[in-house]
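Read the structure below first, then the notes.
The values are calculated or read from the model by the stated rules, or taken from the named source; none is laboratory data. The shown structure was predicted, so the numbers you read here are calculated from the model rather than taken from an experiment. Side chains are part of the model used for accessible areas, which takes the heavy atoms of the whole protein and leaves out ligands, DNA and RNA. Shrake-Rupley method; radii C 1.70, N 1.55, O 1.52, S 1.80 Å.
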Amino acid sequence: MVSGDREDDTAADAAAADAAAPDESADEDEELSRRLQQIKQRGCNVLVTKSTGGPAVDRITARLLGSPREERYRILVMIRDDVDALAVKFPGGVSILDDETHLVDYRDELDGDDPTPEQFPPPEGEDPLPNLRAELENRMADCVAGRDLEPAQLRVGVDSLGPLLDRYPTSTVSEFVTDVTSSVRGADGMGHFHVAMSDERARELPFASAFDARIELRQIQARPVAHRIHLPEYGASDWMYVR
């Protein structure tokens, strides 16, 4: 979504025509696109908020992982264990078998009983979170090694932070998010992280400042998935359909 390429996957740009009457929002859309382009050029991370998962999250994840018409290096981290059809997480025409696509599947590794406060931190070697972070860092390093990637050519998605927040102290999740978002930004990449909670709650998370923008999702009955973008010093965009 956070991209200025008309041929790319920018949800904001692709859905701008749906935002409102053109004569009411043209200036605002231009300003939003300009700000999104600036964020993209320096590497960025987006927090995707929605009270539930399901098709809305799948749809925006596929968008944020990048247009199949553009060369992208994609890494998808799966933590949420109620997802069966991984293919819907990727753009049409993109397969998890592609050389440029990486799946980091930690659904099983993070299963099991949550540690009690007395048990945390777990004994060395029994906590999968450091391994997850190390594997993700290694995948990113493999993607950028020997390549002069353009801004946002590296795409990283994490679905979802919810199981981590259920299992670990918030401070531990904050450290994980801060480290990963910093690595994504250092690679001029574009990362997005889903959290299954309202936007009001999500913006109060202690690690919310690690993100350059938030995408708030909404789906009402059989209507199309809609989103709006929250940017510091800009505010919230109008609601737009996710195409």
Quick tally, 1.4 Å probe accessible area for T52, T172, T181, sorted with the most first, runs T52, T172, T181
Working with all protein chains in place, sort Y241, Y106 by solvent-accessible area computed with a 1.4 Å probe, largest first. Y241, Y106
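Would you mind telling me the share, in percent, of accessible area of segment 130-214 contributed by carbon and sulfur at probe 1.4 angstrom?
Carbon-and-sulfur percentage of accessible area, whole number: 42.
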Heavy-atom accessible area of D188 with all protein chains present, probe 1.4 Å, nearest 10 Å²? 60
Heavy-atom accessible area of S51 with all protein chains present, probe 1.4 Å, nearest 10 Å²? 80
Determine the distance separating the Cα centre of segment 156-175 from the Cα centre of segment 73-94; give it in Å without decimals. 18
Taking amide H positions as placed in the peptide plane 1.01 Å from N, state which residues far from V242 in sequence (5 or more) or on other chains have amide H under 5 Å from it. V225, A226, H227
What figure, in Å² to the nearest 10, do you get for the accessible area of T178 with a 1.4 Å probe and non-protein molecules left out? 70
With every protein chain kept in the model, how would you rank R147, R243 by accessible area, 1.4 Å probe, largest at the top? R243, R147
Long-range amide H contacts for A213: which residues qualify at under 5 Å (H placed 1.01 Å from N, peptide plane, sequence gap of 5 or more or a different chain)? N45, L47
